[in-house]
1. So which residues in the stretch 143-173 are of a type in the set (Asp, Glu) and out of contact with any helix residue (DSSP H, G or I) (no Cβ under 9 Å at 6 or more places or on another chain), if there are any at all?
2. How many residues are within 30 Å of Thr67 (Cα to Cα) and among the polar types (S, T, N, Q) if we restrict to the stretch 84-126?
3. Would you point out the residue of the stretch 190-217, among those that are assigned to a loop (DSSP other than H, G, I, E, B) and of a type in the set (Phe, Trp, Tyr), that is farthest from Val112 (Cα to Cα)?
4. List the residue pairs whose Cβ atoms are under 6 Å apart, where the first residue sits in the stretch 13-28 and is under 9 Å from Ile131 (Cα atoms), the second is assigned to a helix (DSSP H, G or I), and the two are 6 or more positions apart or on different chains.
5. Could you check, for the stretch 152-171, whether at least one of its residues is in a loop (DSSP other than H, G, I, E, B), free of Cβ contacts under 8 Å to residues at least 24 places away in the same chain and farther than 16 Å from Ala124 by Cβ?
6. Pairs needed: first member in the stretch 103-120, in contact (Cβ under 8 Å) with a residue 40 or more places away in the chain; second member anywhere, assigned to a helix (DSSP H, G or I) and among the polar types (S, T, N, Q); C-beta distance under 8 Å; at least 6 residues apart or different chains.
7. Here are the criteria: (1) without any contact (Cβ under 8 Å) to a residue 12 or more places away in the chain; (2) closer than 20 Å to Phe187 by Cβ; (3) surrounded by 15 or more Cβ atoms within 10 Å (Cβ to Cβ). Tell me which single one Lys57 does not satisfy.
Amino acid sequence: MIDSYDILLNEYISKEDFFKFGLEKTIYIPQDKAEKSWKKLKDNLNNNKTVYMRGFKDSSSTRIASTFYSALFNNEYTKKDPSNTQNPAKTIEELSGYKKSKDLKNYQLASVFGRGRNVLAFTAPWNIVYIPSVLDPLLSSDNNSALATEYQELFKSYVYNRFKTQINEYNDIVTNHHFMRTMDEFFERMFEDGFYDREIIGKFEDIVREDFKAIKF
């Protein structure tokens with residue numbers, strides 16, 4: 001099998017330089033603005049103001065999500081992002097000063113850690129970047145090549161260390177004993193009341209528990 005990345009890295013540029021290019025030329029939200037934006041996101045969630053998440057494939061899961069956030073955070077204004085990218089794009093445009101369609105060429109909007117159904121992560125300033133388009137295939141969740149795996153780990157570790165304070169605050173929230181117990185009790189009630197199909201609830205739970213994992217490096 002011919003891999004164009006192998007050709008590039010063997011004949012034209014070292015892997016180390018290529019990875020360095022990826023890390024240095026990715027556009028991150030400035031630290032001071034990220035801190036303020038992260039605080040605002042937490043305040044909105046905890047004070048029953050509008051927050052956004054990535055949509056589910058079915059309407060039932062979207063309705064369950066509203067109930068879920070109401071139970072965990074007393075927030076009744078969790079909304080599905082219209083395009084699944086509109087609000088993350090808005091966040092990085094406002095805070096980085098770069099608008100993709102106007103100021104950048106061959107850059108892609110990317111979510112570093114995923115977790116799109118988690119309102120604490122979907123528009124979190126530490127989770128949204130512009131990456132050079134040439135790096136996009138390496139960061140695809142479907143790419144499990146050795147090169148992609150190596151760069152993904154390096155990239156996520158780099159971003160974690162860049163925004164360690166905010167990400168550790170996120171980790172404290174999702175690993176808090178009260179939070180975890182509340183989540184367990186929510187799913188116990190959902191399975192017991194019989195209002196939704198158990199298969200739909202099971203799939204929703206799998207997605208949510210994955211998206212609410214802590215970020216560790």
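1. Restricting attention to the stretch 143-173, the residues satisfying the condition of being of a type in the set (Asp, Glu) are 150, 153, 169, 172.
Within the stretch 143-173, Glu153, Asp172 qualify.
2. Within the stretch 84-126, the subset within 30 Å of Thr67 (Cα to Cα) is 84-92, 109-126.
Keeping just the survivors that are among the polar types (S, T, N, Q) gives 84-87, 91, 111, 118, 123.
Residues in the stretch 84-126 being within 30 Å of Thr67 (Cα to Cα) and among the polar types (S, T, N, Q): 8 in total.
3. So the first thing to find is which residues in the stretch 190-217 are assigned to a loop (DSSP other than H, G, I, E, B), and the list is 194-197, 212-217.
Filter once more, keeping what is of a type in the set (Phe, Trp, Tyr): 195-196, 212, 217.
Working: Phe195: 35, Tyr196: 32, Phe212: 14, Phe217: 13 Å.
Among those that are assigned to a loop (DSSP other than H, G, I, E, B) and of a type in the set (Phe, Trp, Tyr), it is Phe195.
4. Listed pairs, sorted by first residue: Gly22/Leu135; Leu23/Tyr158; Ile27/Ser96.
5. no
6. Tyr107/Ser133; Val112/Asn127; Phe113/Asn127; Arg115/Asn127
7. (3)
Matching residues to (1) in contact with a Cys (Cβ under 7 Å, 6 or more places away or on another chain); (2) assigned to a loop (DSSP other than H, G, I, E, B); (3) of a type outside the set (A, V, I, L, M, F, W, C):
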site	(1), (2), (3)
Leu95	no, no, no
Lys102	no, no, yes
Tyr130	no, no, yes
Asn144	no, yes, yes
Leu147	no, no, no
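The values are calculated or read from the model by the stated rules, or taken from the named source; none is laboratory data. From a predicted model like this one, the values you see are computed outputs, not experimental measurements. Cβ coordinates were reconstructed from backbone atoms using ideal geometry, including for glycine residues, and neighbour counts include every protein chain displayed.
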